[in-house]
Amino acid sequence: MNLSLPLSRYNLNEGMTLARVLIVEDDKACAEGLSETLDDGGFANIVAFDPAQALAAIGRDDRIGVAVLVQDSLRASTVG
């Protein structure tokens with residue numbers, strides 16, 4: 001993944017504006033790590049810890065251009 005490319009949208013009134021990345025992750029440590037990685041790559045980001053927070057963030061910030069959803073994988077356990 002190349003994080004050095006700028007993520008932007010064109011706004012006729014303001015010129016180039018930086019789009020924000022929305023991170024949706026319920027694990028605080030994972031969300032903070034991903035947020036720091038995106039920060040280091042020059043990407044503004046917002047963290048939401050559940051779907052309700054994500055929808056609220058989308059409703060109040062029209063600069064969100066990308067959403068990153070981190071899904072936990074479930075493993076089927078076998079007994080025997």
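Tally time: how many residues in the range 17-37 are at pLDDT below 90 and farther than 19 Å from Leu55 by Cβ?
2
Considering only the range 65-75, state which residues are outside any strand (DSSP E or B), of a type outside the set (S, T, N, Q) and under 18 Å from Ser35 (Cβ atoms). If you could, list the steps in order and put the result at the bottom.
To start, the set of residues in the range 65-75 that are outside any strand (DSSP E or B) comprises 70-75.
Restricting the remaining residues to those that are of a type outside the set (S, T, N, Q) gives 70, 72, 74-75.
Matches in the range 65-75: Val70, Asp72.
For Val70, state whether it is modelled with pLDDT under 85 and open to solvent by less than 70 Å² (accessible area, probe 1.4 Å). Let's see the steps before the verdict.
Numbers: modelled with pLDDT under 85: yes; open to solvent by less than 70 Å² (accessible area, probe 1.4 Å): yes.
Yes.
Scan the range 45-64 and tell me whether some residue there is touching a strand residue (DSSP E or B) at 6+ places or on another chain (Cβ under 6 Å), at pLDDT 85 or above and of a type in the set (Lys, Arg). Even if it seems obvious, please write down each step before you answer.
At the first step, the residues of the range 45-64 found to be touching a strand residue (DSSP E or B) at 6+ places or on another chain (Cβ under 6 Å) are 45-48, 54, 57-58, 63-64.
From the residues that got through so far, the ones that are at pLDDT 85 or above too are 45-48, 54, 57-58, 63-64.
From what is left, the residues that are of a type in the set (Lys, Arg) are 63.
The answer is yes; a qualifying residue exists.
I'm trying to understand the selection: among the residues of the range 15-64, which are in a strand (DSSP E or B) and within 11 Å of the chain's Cα centre (by Cα)?
Selection gives Arg20, Val21, Leu22, Ile23, Val24, Asn45, Ile46, Val47, Ala48, Ile64.
The values are calculated or read from the model by the stated rules, or taken from the named source; none is laboratory data. Every value quoted in this text rests on a predicted model; they were computed, and no experiment measured them. Here Cβ is always computed from backbone atoms with ideal geometry, including for glycine, and neighbour counts include all displayed protein chains. Just the protein is used for accessible areas: all its heavy atoms, side chains included, with ligands, DNA and RNA removed. Shrake-Rupley method; radii C 1.70, N 1.55, O 1.52, S 1.80 Å.
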